[in-house]
1. I want to verify the translational diffusion coefficient of the range 204-300 in µm²/s; compute it with Stokes-Einstein, Rh as the Kirkwood radius over Cα pairs, at 37 °C and 0.692 mPa s.
2. Considering only S320, S428, S194, give the residue with the highest GNM mean-square fluctuation for the chain, with springs between Cα atoms whenever their separation is below 10 Å.
3. When the chain is treated as a GNM, springs tying every alpha-carbon pair under 10 Å, which of P193, P125, P313 comes out with the largest mean-square fluctuation?
4. Rounded if a/c is under 1.5, else prolate if a/b is larger than b/c, else oblate: which is the range 362-437, with a ≥ b ≥ c the root eigenvalues of its Cα gyration tensor?
5. So, in the range 108-258, how many Lys pairs have Cα atoms under 21 Å apart, if the pair is 8 or more places apart or on different chains?
6. Which residues make up the longest stretch of the chain that has no GluC sites (Glu not before Pro) in a DSSP loop with at most 11 other Cβ atoms within 10 Å?
7. How are the C-alpha pair distances of the chain spread across 10 Å bins, as whole percents from the shortest bin up?
8. Give the lysines whose C-alpha is closer than 16 Å to that of K351, dropping any in the same chain fewer than 8 places away, or say none.
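Quick note: the coordinates plus some simple rules give every number you see, no bench work behind them. A quick note: this is a predicted structure, and the numbers were derived from the prediction, not measured. When we count neighbours, we look across all protein chains shown, and the Cβ atoms used for this are built from the backbone with ideal geometry, even at glycine.
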Amino acid sequence: MFYKRFCRPQIIMKSIEGKRMHGLAERLFNICRSITGNGVRQTLDILREFIPLTVHEVPSGIRVFDWEIPKEWNIKSAWILDSKGNTIIDFANNNLHVVGYSTSVDTQVPLLELQEHLYSIPEHPDAIPYVTSYYKEQWGFCIADRARKNLKEDTYHVNINSELKNGSLTYGELILPGKSEKEVLLSTYICHPSMANDNLSGLVVTTELANWLMSTPRRYTYRIIFIPETIGSLAYLSRNLDAMKKNIVAGFNITCVGDDREYSYLPSRNGNTRADRVALRVLKKRHPSFVRHSFLDRGSDERQYCSPGIDLPVVSVMRSKYGTYPEYHTSLDNLQFITPSGLQGSFDVLKECIEWIEHNHAYRAVYLGEPQLGKRGLYPVISRRGNIGIDIELLQNVLAYANGEYDIPAMAEIFNASESDVEKAVESLLKAGLVIDS
Ligand code: ZN
């Protein structure tokens, strides 16, 4: 049967995947990732134990649209000592202590000068903030505000042993072929150091989804990418845009999927793509109290995927959205903030979105303009409403929405018709060769 109404009998609360995902997050947590560098490579190497990622390197200086791949940054150590040799800050204890992309420094500075290079959050006195400076060469340290307030007048020895040089930007890619060349995109970013919801949760849920997809029959081809945020998605798009525009039918930017708070949804700019409709359908059914954001609240790679001229059908289904939770971009976004059940819930929702796309086909009209139903015996023999047979209006409505975007449940909702009636209309049109499975 070409259309299988999808139901998911097992809502059994198992969290085998959740525990496995949390375990993987624990393993990856302390690696110092950035938009380039060995932390990204090390992370991809670990993910390759689970899924056969291809690792790509894009050299520094290469232009990607209006941007340029930056120099590669690596760091060995960083610390601050007071004049008695006491350690004030040590990067070895938490890699958030150093501003990402800090240049090397080895100097003695008075407190006043040191303060110019310190970052803290007075509203969260025990949190170390996450700060980066990718595109301006400088150095800095991040510190809990309470510790900062305890600093005494003194001369401090500051040392950062880092390297900023021409190298490359690294990303991972896995293409899982399906029966169709049409694709579903799963994209997650891989550039944050020790924080869990943003963005380790995205890495581990995407890995788990890839693992599941590898073991399941696939109608669609899956393009699964692990990229640095913004510059990585721009680099990836600049290399793959034609194929992506031609083939992608739905996409998910996977981020902030690990905590136990409410689910949330951020639409594509279009707001009415297949990915949008599927995400909304699954969330309304499974988690009706989800938070619905506007595209104006965007802040991740949908900024690139949905920009003019690119216009891919990409949405985000999240738990606590980036920028909205107090732990965001601080050391409080840690392995306790994400949980096996939080990860499991997100995995289940995204898996169900993919299953919907796999099982609920969309259709495409063969002819431009309305086809002539009469000469195919469809018009005269069809009864009007209330009689046996298919409603002519329903046939015409299906044809009007057969642009490769709408599946049977979506059409039934728009037409205010039953799914079985729409299914019958689709069957007739398929038989008459007037629509094709898209
Ligand atoms: Zn972030």
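1. Translational D for this selection: 215 µm²/s.
2. S428
3. Evaluated over the chain, the most mobile residue of the options is P125.
4. It is oblate, given that a/c is not under 1.5 and a/b is not larger than b/c.
5. 5
6. 182-438
7. Once binned at 10 Å, the Cα pair distances of the chain give 4, 20, 27, 22, 13, 8, 4, 2, 1, 0.
8. Output for K351: K14, K284, K285.
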